[in-house]
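Student: Here it is, the structure, as C-alpha cells.
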Amino acid sequence: MIKRIADIIRSGKRFLISSHVRLDGDALGSELALFLALRDLGKDAVIYNQDDAPQIYAFLPGLDAVTHTLDAVEGFDAAFLLDCSDFGRVGDEWERIAAMEKVVNIDHHISNDFFSDLSLVDVEASSTGEILYRLMIDMGVAITKDIAINLYTAILTDTGSFRYSNTAASTLAVASDLVLAGVDPRWVAENVYESRTIDQVTLLREALGTLEIHEDIRTGIMSVSRQMMADTGAMPEHTDGFVDLIRSIGSITVAVFLQETSENYYKISFRSKGEVNVERVAASFGGGGHVNASACRIAGDGETVKKAVLDALQAFLS
Ligand SMILES: [Mn+2]
C-alpha cells in the first residue's frame, strides 16, 4: 500500500488533506507534516479542518495554511484523511470528501473501518505521525526541521509523552531521528504541556469537585457540564488531559471523563491501564478507539449518562 500511495503522490499535482473534528496533536501534526512534505515535492496542497486548532498547537510550523471552508472538491488528484477511523469523523463535509475519486486513509485506530480501498492502517503504530514518517522515508522525502517538529508532536501527544503501551522501541527510534532532524524536545513539551491558561486550571478545580472513585471496579469518574464551561469561560479543548489526570491515581485502572458537549449530550472519554480494554466499552455505545484509550457519545442528563457508563463498566470488568 505504501507503494500505491507513493505513486499517487508522485503522479498527482494537487491534494486535499483533512482529519477529524476535535483536533489533537496527532491529527494536526500529521496534516502539517504531510502538507510541508508535499510542498517540498513541488505539489499543491490544501488542509481543511472543520474545527480550529487548540491554542497549545499554535507553535506548529505551517499552521497558518489550515482552512476551515471547503470550496470545490474537484481539481484535487486525491484526498488524504489522516487519523480518522471513519468518514464521519471529518465532520459536516464528510460526504463531499467521500464522493471524491481517490481518498487515502492513513490511520492507526483499531476501530478503523477501512472506508477506502486506499487504506494504510497500522494499529501497531503509535500514531498517524509515525506511519507518515515511514511513508516519507520510503519516498526519500527530506525530513526538514519543520516536518520533524510536526511529526514529533504527533507522536509525543498520542503516546502521552512516551508513557502509553503504544510506545515501542521503534517509536522511540523514530522520535530519535526527529530530534536528530532538529526538534528540541524541551521546547515542544513546554508548548504542549506547560501553556495552560488560568481559565483551564479554574475549570479543572471545578471538575475535580465531581470526582468519584468506585473502588469495586477500580474506576475514577469525573465530569464537566456546560454550566461549568460557561462559569469559568474555558474552551472545550481545555478539558484535554483531564482524563489522564484521573488515570494518574495509583489505585484505579479505568479513568472516565464525561463532558457535556450540547444540552443533555455527553462525550465520554475512557483511559485504562494494562490489559483492561476500554475500546470494547466505548464500542458498546457506538464509539471506538484503542485498547487503553477510547471514546463515545451518549444522550441523556449527567446522572443518567454516568449510571449507563458505570453499569457498562461493571458488566465488562466483572
Ligand atoms: Mn492518532
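Student: Suppose R0 equals 22 Å; then what is the FRET efficiency for Gln227 and Ser248 from their Cβ-Cβ distance, rounded to the nearest 0.05?
Tutor: So, using R0 = 22 Å, E works out to roughly 0.25.
Student: In whole Å, how far is the Cα centre of region 81-102 from that of region 33-80?
Tutor: So the two Cα centres are separated by 14 Å.
Student: Here is a follow-up. Beyond a 25 Å Cα-Cα separation, which of these cross-linked pairs lie in this structure: Lys267/Lys307; Lys273/Lys306; Lys3/Lys273; Lys43/Lys145; Lys102/Lys267?
Tutor: Lys3/Lys273; Lys102/Lys267
Student: What is the Cα centroid distance between region 107-147 and region 201-228, reported in whole angstrom?
Tutor: Rounded to whole Å, the Cα centres lie 35 Å apart.
Student: Label point 7 Å out from Ala99 along Cα-to-Cβ: which residues of region 29-60 have amide N under 13 Å?
Tutor: From region 29-60, the list is empty.
Student: Set the Förster distance to 30 Å, then compute FRET efficiency between Asp7 and Thr304 from the Cβ-Cβ distance, nearest 0.05.
Tutor: Result of the calculation: an efficiency of 0.05.
Student: For region 1-54, which trypsin sites (Lys or Arg not before Pro) are both in a DSSP coil and crowded by at most 13 other Cβ atoms within 10 Å?
Tutor: Lys13
Student: Here's a follow-up. Counting only GluC sites (Glu not before Pro) that sit in a DSSP loop (anything but H, G, I, E, B) with at most 16 other Cβ atoms within 10 Å, what is the longest stretch of the chain containing none of them?
Tutor: Answer from the scan: 1-73.
Student: Dipole size in debye (nearest 20) for the chain around its Cα centre, Lys and Arg Cβ +1, Asp and Glu Cβ -1?
Tutor: 500 debye
Student: Viscosity 1.306 mPa s, temperature 10 °C: Stokes-Einstein D of the chain from its Kirkwood Cα radius, in µm² per second?
Tutor: 79 µm²/s
Student: Once amide H atoms are placed 1.01 Å from N in the peptide plane, what residues at a sequence separation of 5 or more from Gly288, or on another chain, have their amide H within under 5 Å of its amide H?
Tutor: Ala295
Student: While we're on this one: Over the chain, what is the relative contact order in percent, taking alpha-carbon pairs closer than 8 angstrom and at least six residues apart?
Tutor: 13 percent
Student: Each residue of region 66-74 in order: what ³J(HN,Hα) in whole Hz does its phi give by Karplus 6.51 cos²θ - 1.76 cosθ + 1.60, θ = phi - 60°, with x for Gly and Pro?
Tutor: Per residue, the Karplus-derived 3J(HN,Hα) values read 6, 10, 10, 10, 9, 6, 3, 8, 6 Hz.
Read-outs throughout are calculated quantities, based only on the coordinates presented, and are distinct from any laboratory measurement. Quantities reported herein were computed from a predicted structural model and do not represent experimental measurements. Cβ coordinates were reconstructed from backbone atoms using ideal geometry, including for glycine residues, and neighbour counts include every protein chain displayed.
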